[in-house]
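First the structure, then my questions, so here it is.
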């Protein structure tokens with residue numbers, strides 16, 4: 001997760017309680033989803049950004065996970081994410097995100 | 001036992017200062033851990049503690065090598081650490097070069113055990129792997145999770161003065177150091193075992209890995225060859241008759257510098273080859289076959305090249321170490337440049 005986005009997440013997490021925040025991720029690979037997920041939960045695993053060593057413990061889902069998909073308007077989802085859902089390795093991403101959430 | 005003191009070196013990116021736009025950041029030192037030092041410190045546990053972090057921009061370091069290195073050394077020395085760690089640099093080229101350079105400097109000039117880590121294809125790896133311990137990492141910071149334990153494991157061994165294992169055992173890059181050891185089985189058996197594994201398509205580990213040579217990329221094309229001064233360099237051993245410098249026929253320990261002004265063509269009366277390992281009859285009968293003075297004089301007359309440089313350089317490539325060849329070329333390349341040579345044709349046997 002780039003440094004600016006880490007800072008944005010950090011700022012939001014300072015403003016609102018963690019239980020009121022859900023982070024929706026959009027990485028195209030399981031590995032990058034895992035890295036981003038880890039960044040907003042246990043801290044930046046690359047130790048390069050503002051979230052290095054900062055355990056926000058936020059809840060994170062990837063945009064192709066059913067928890068997110070089922071919670072949003074089906075037509076809008078198909079329109080905005082449907083195409084990517086077809087080309088991404090959804091199972092691998094879900095497995096990675098389950099790992100992130102422990 | 002009190003905790004040992006460690007100083008850590010990172011670049012501007014891992015310090016959270018910024019990316020490329022901040023790469024001219026001058027060396028600075030901060031007390032305690034910054035960036036990846038958080039992870040390293042946790043992995044060092046009760047044994048050691050990062051007491052300071054030196055930060056330098058990658059571009060700044062590479063464009064001000066001597067000043068930056070001196071500044072970093074001064075910062076490190078002030079803390080009198082028991083160990084120095086740089087990186088990990090993964091596949092970031094200038095970061096790798098900087099990490100390798102400071103690790104070497106700290107270890108050689110301050111006498112402090114030092115270690116760094118990067119990806120095997122990082123340019124810094126080839127430049128410094130024979131000088132310092134470079135722990136192997138993946139190619140991006142996404143592999144930080146694996147890099148940290150590998151780096152701290154070797155770092156702790158260095159700190160405790162424990163014996164360092166082979167590159168495979170301790171996950172660092174080969175340093176070109178040979179160490180004697182007692183093998184359980186004799187060489188012939190080990191060789192046959194390897195051959196059988198190879199024939200079966202099974203994995204085996206060679207005991208004699210081939211050296212990895214660097215790649216030399218050609219310079220941009222000469223813009224106008226008709227105006228260019230062309231030099232000749234050969235590893236084919238063409239020397240004036242009698243081999244005045246006594247260049248060895250194998251494993252040459254020197255190169256020669258010879259004047260060809262006034263020569264339109266080389267003949268068996270004037271030149272010969274000093275090169276061993278191949279049948280010299282044809283090179284001796286017509287030395288232009290190896291060092292094409294005749295053809296270049298023709299091109300010079302026809303105006304197809306600007307001129308032929310009046311000095312050529314020769315050595316014998318047969319069994320000559322790459323490191324020696326590189327050393328010779330570094331020396332005479334400077335002369336060629338000083339003499340205004342625009343391009344060089346290198347010929348072998």
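Evaluate the range B:63-80: report whether one residue or more is touching a residue at least 12 places away in the same chain (Cβ under 8 Å), over 28 Å from the mean Cα position of the chain (by Cα), farther than 19 Å from residue B:126 by Cβ and not in a helix (DSSP H, G or I).
yes
Does the range B:68-85 contain any residue that is surrounded by 19 or more Cβ atoms within 10 Å (Cβ to Cβ) and within 14 Å of chain A (Cβ to nearest Cβ)?
Yes.
Right, next: Filtering the range B:36-55 down to residues that are surrounded by fewer than 19 Cβ atoms within 10 Å (Cβ to Cβ) and in a loop (DSSP other than H, G, I, E, B), which residue is nearest to the other protein chains (Cβ to nearest Cβ)?
So, considering only residues that are surrounded by fewer than 19 Cβ atoms within 10 Å (Cβ to Cβ) and in a loop (DSSP other than H, G, I, E, B), the one nearest to the other protein chains (Cβ to nearest Cβ) is B:45.
For the range B:11-35, how many residues meet the condition of being outside any loop (DSSP other than H, G, I, E, B), touching a helix residue (DSSP H, G or I) at 6+ places or on another chain (Cβ under 7 Å) and either loosely packed, with under 14 Cβ neighbours inside 10 Å or facing chain A (nearest Cβ under 10 Å) (or both)?
Here the count works out to 1.
A follow-up question, please. Quick check on residue A:23: is it touching a strand residue (DSSP E or B) at 6+ places or on another chain (Cβ under 9 Å), modelled with pLDDT of 95 or more and farther than 24 Å from residue A:83 by Cβ?
no
So is residue A:54 under 30 Å from residue B:92 (Cα atoms) and touching a strand residue (DSSP E or B) at 6+ places or on another chain (Cβ under 6 Å) or not?
no
What is the residue count in the range A:28-49 for residues that are assigned to a loop (DSSP other than H, G, I, E, B), surrounded by 20 or more Cβ atoms within 10 Å (Cβ to Cβ) and on the phi < 0 side of the Ramachandran plot?
5
Right, next: Of all residues in the range B:132-163, which are outside any helix (DSSP H, G or I), crowded, with 17+ Cβ neighbours inside 10 Å and away from every other protein chain (no Cβ under 14 Å)?
Hits for the range B:132-163 are B:132, B:133, B:134, B:135, B:136.
Could you please let me know if residue A:96 is outside any loop (DSSP other than H, G, I, E, B) and within 14 Å of chain B (Cβ to nearest Cβ)?
Against the criterion (outside any loop (DSSP other than H, G, I, E, B) and within 14 Å of chain B (Cβ to nearest Cβ)), residue A:96 qualifies.
While we're here: Among the residues that make up the range B:245-256, is at least one of them in contact with a helix residue (DSSP H, G or I) (Cβ under 6 Å, 6 or more places away or on another chain), part of a loop (DSSP other than H, G, I, E, B) and within 30 Å of residue B:323 (Cβ to Cβ)?
Yes, because at least one residue in the range B:245-256 is in contact with a helix residue (DSSP H, G or I) (Cβ under 6 Å, 6 or more places away or on another chain), part of a loop (DSSP other than H, G, I, E, B) and within 30 Å of residue B:323 (Cβ to Cβ).
Additional query: Which one of the conditions (1) within 14 Å of another protein chain (Cβ to nearest Cβ); (2) in contact (Cβ under 8 Å) with a residue 24 or more places away in the chain does residue A:62 fail to meet, given that it meets all the rest?
So the condition that residue A:62 fails would be (1).
Follow-up. Tell me whether the range B:315-328 contains one or more residues that are assigned to a helix (DSSP H, G or I) and more than 18 Å from residue B:214 (Cβ to Cβ).
no
Would you call residue B:60 touching a helix residue (DSSP H, G or I) at 6+ places or on another chain (Cβ under 7 Å), in a helix (DSSP H, G or I), modelled with pLDDT of 95 or more and within 14 Å of chain A (Cβ to nearest Cβ)?
For residue B:60, the condition - touching a helix residue (DSSP H, G or I) at 6+ places or on another chain (Cβ under 7 Å), in a helix (DSSP H, G or I), modelled with pLDDT of 95 or more and within 14 Å of chain A (Cβ to nearest Cβ) - is not met.
The values are calculated or read from the model by the stated rules, or taken from the named source; none is laboratory data. Just so it is clear, the model here is predicted, and its values are computed rather than measured. With ideal geometry, Cβ positions are generated from the backbone for all residues, glycine too; neighbour counts draw on all protein chains shown.
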